[in-house]
Amino acid sequence: MNRITSTFAALAQQKRKALIPFITAGDPDPAVTVALMHQLVQSGVDIIELGVPFSDPMADGPTIQRSSERALKHHVGLRDVIVMVAKFRQKNQAVPVVLMGYANPIEAMGYAAFAEAASEAGVDGVLVVDYPPEECAEWVQQLKKWDIDPIFLLSPTTPETRLKQVAQLASGYVYYVSLKGVTGASHLDLDSVRDKLVQLRSYINLPIGVGFGIRDESTAHAIAQLADAVVVGSRIVEEIEQASGDNPLEVVGNLVASMRRAIDSASLNEVVTEK
Amino acid sequence: MKIYDLPDKHGHFGPYGGTFVAETLIAALNELCEHYERCRNDPIFQAEFSQELKHYVGRPSPVYHAKRWSEHLGGAQILLKREDLNHTGAHKINNTVGQALLARRMGKTRVIAETGAGQHGVASATVAARYGMECVVYMGSEDMRRQATNVYRMKLLGATVVPVESGSRTLKDALNEAMRDWVTNVENTYYIIGTVAGPHPYPMMVRDFQAVIGQEAKMQMQQDYDRQPDILIACVGGGSNAIGLFYPFVDDTGVRMIGVEAAGKGIGTHQHAATLVTGKPGVLHGNRTYLIQDENGQIVETHSISAGLDYPGVGPEHSWLKDCGRAEYVAVTDEEALSAFHALCRFEGIIPALESSHALAYAAKLAPTLGKDKLLLINLSGRGDKDMATVAEQSGIAL
């Protein structure tokens, strides 16, 4: 059993939901990333999604796009990100790390070279935004050879026929994008998320993470009632951006810890009283 | 007989093309594929498209024999397919008319577009006005500076021009931003891509709409010269005018096809946009194709004197035509393009777009090496009025 599967199995036993934060590797500075990953673990996250900077992040909103630009100022490439994961693994062998990014850095490195290096460094899953199921049979094959989970996105507009296709390829978990648009958008329709998750579960027998639009304790709490995992990205990256020159560890740690409490509490009132 | 039948039904040209997009765009692309497939096979749609090309765009555009320039060059005869004479002054309008008709059929009330030189933006704003649709054009702020007149033109036509400040603030960033708008507003919005790039079905669809260039040229050559040209030459940024001319000739293997990219300040300087000549295959903007990229797979900023060629990718069908050897791709510098620009002004009384001047520049190199009986057909894809400020600046003249 790999780290992602065992993490979800343990959470299910404790009847808890996963908290999955997203940060961009190398943002604001490559020297901070590994420390930030350890801070996230300390603040109670279950899986870390580590963004691979790309020059043209088409599916991301301005917040994550700027984080990519900050990292690229330091020339952080895919190979550097893999080294960061290896460094993180020197002290932490438990928390799964999922790389998230775009196709071209992987195309440039080559599927086989990437999968081998990522596996050796301790990467557990990879989500490539612009590899939809119909274009990635060979890619998935390489990942599975090294026991790395291919993570796929599903959206409110994904038709049922494609759910079957994703179910055949995906492992680890799937990531449901809870609204139309790019990362960092702010409206969230809980009823439609609830309905869609029922449909997804009838095809897909994997944990389902929900992301996009989760900005505070109340949205994190609400999503935790519906999904197996809560994914928080732009909100964390905003904190990193605003910390600018200062060390972002503390602010990010506080934010993530408050989300953790909101997810674990039976009711939202509990969260508010604790504060 | 038709032999060449790419792309396959998933939009692949050999290893190139395809649908490399986020899940959030898949449903919109599927909807587009379905509607386009229906229109492609619908004689009523095709008749409507032809009528619009005739009465609104002003087609057919002539094939003009540039006699004085040919004589001066002293070799092959230079023929110009005059896309510069189209309404709005470039070939871009062929495609926007087609896509706007499709958008209308799909019940979309809002169209968006990306633009580099502003020609596609103007062509999109034009058809939006013509068919009564809202229009938003994304344009890199750097390009807005270089092409201020076209920005004003789009505004006159009722479009909103949104400056894009991310990345290199040029065409590729405008494309990213338009994609983001489309993902967010897909229900009422149609995205008019201006070149033969992007995810399937765009490379095929834009090619089909632009193929009128080559179809007309074939008939005109037969009529006026009783033979087909020896060589076709067209400039390649994304590659829509080149594909438009080449595609109807792909099976005519006696006709050489040459695409001319922008070598900018020189291939060795890294300040160029010669994707097929210098790039490596990768994935960008929804398709697999040649790209100008660094060793980490990051897309590199490009340079060309002509904003319309300043793009780090290229249409996937060109990547395929290069690999299978059917078409050749070369590059000419800013300086060579400028010199061809001036030559056409002086010898023929035609002010060409800087984009098209790249094709002219290569023709000027090639013609003297060939016999006087050879016919070179060059796609004069646009007129140069939009480039006055750039050319004046290069000559050290303040307007």
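The values are calculated or read from the model by the stated rules, or taken from the named source; none is laboratory data. These figures come from a predicted structure and were not determined experimentally. Using ideal geometry, Cβ is built from the backbone for each residue, glycine included, and neighbour counts are taken over all protein chains shown. Accessible surface areas use protein heavy atoms only, side chains included; no ligands, DNA or RNA. Shrake-Rupley method; radii C 1.70, N 1.55, O 1.52, S 1.80 Å.
Structure summary
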item	result
Residue among B:THR170, B:THR184, B:THR88 with the largest mean-square fluctuation in a Gaussian network model of chain B, springs linking Cα atoms under 10 Å	B:THR184
Positive dipole terminus of the stretch A:3-274, leading residue within A:ALA35, A:SER171, A:ALA257 (C-beta point charges)	A:SER171
C-alpha center-to-center spacing [the stretch B:349-366, the stretch A:62-108] in angstrom	45 Å
Which of B:VAL250, A:LEU153, B:GLY286, positive extreme of dipole for the protein assembly as shown (C-beta unit charges)	B:VAL250
Relative packing of B:341-352, B:121-132, which averages over residues the other C-beta atoms within 10 Å, highest first	B:121-132, B:341-352
Per-residue mean of C-beta atoms belonging to partner chains within 10 Å, peptide A:95-104	3
The protein assembly as shown - charge dipole about Cα centre, Lys and Arg +1 at Cβ, Asp and Glu -1, debye rounded to 20	800 debye
Label-point separation, B:TYR131 to B:TYR64 (7 Å along Cα→Cβ), nm	3.0 nm
Close Lys-Lys pairs in the stretch A:3-274, where close means Cα under 23 Å and separation is 8 or more or interchain	8
Shielding of A:68-79 by partner chains, average beta-carbon count, 10 Å	2
Charged-residue dipole, Cβ positions (Lys, Arg, Asp, Glu), the stretch A:3-274 about Cα centre, Debye nearest 20	560 debye
Contact surface B-A: accessible area buried, both sides summed, square angstrom, 1.4 angstrom probe	2900 Å²
GNM flexibility winner over chain B from B:TYR191, B:TYR290, B:TYR64 (Cα, springs under 10 Å)	B:TYR64
Gaussian network model of chain A, springs between alpha carbon atoms under 10 Å - residue of A:GLN93, A:GLN13, A:GLN199 with greatest fluctuation	A:GLN13
Average other protein chain Cβ within 10 Å of Cβ, residues A:54-67	6
Alpha-carbon centroids, the stretch B:281-305 and the stretch A:1-48: separation in whole Å	32 Å
Spin-label model distance (nm) - B:ALA47 vs A:GLN242, 7 Å beyond Cα toward Cβ	6.2 nm
Carbon/sulfur fraction of accessible area - the protein assembly as shown, other protein chains in place, 1.4 Å, %	51 percent
FRET efficiency, 1/(1 + (r/R0)^6) with R0 56 Å, evaluated for B:THR278 and B:GLN215 via beta carbons	0.95
Listed peptides A:208-214, B:156-162 by packing density, highest first (mean Cβ within 10 Å)	A:208-214, B:156-162
Lys, Arg +1 and Asp, Glu -1 on Cβ, resulting dipole of chain B about Cα centre, debye, nearest 20	740 debye
All lysines inside 21 Å of B:LYS280 as judged from Cα atoms, apart from same-chain residues fewer than 8 positions distant	B:LYS172, B:LYS265, B:LYS322
B:LEU156-B:HIS72 pseudo-label distance in nm [points 7 Å out on the Cα-to-Cβ vector]	3.0 nm
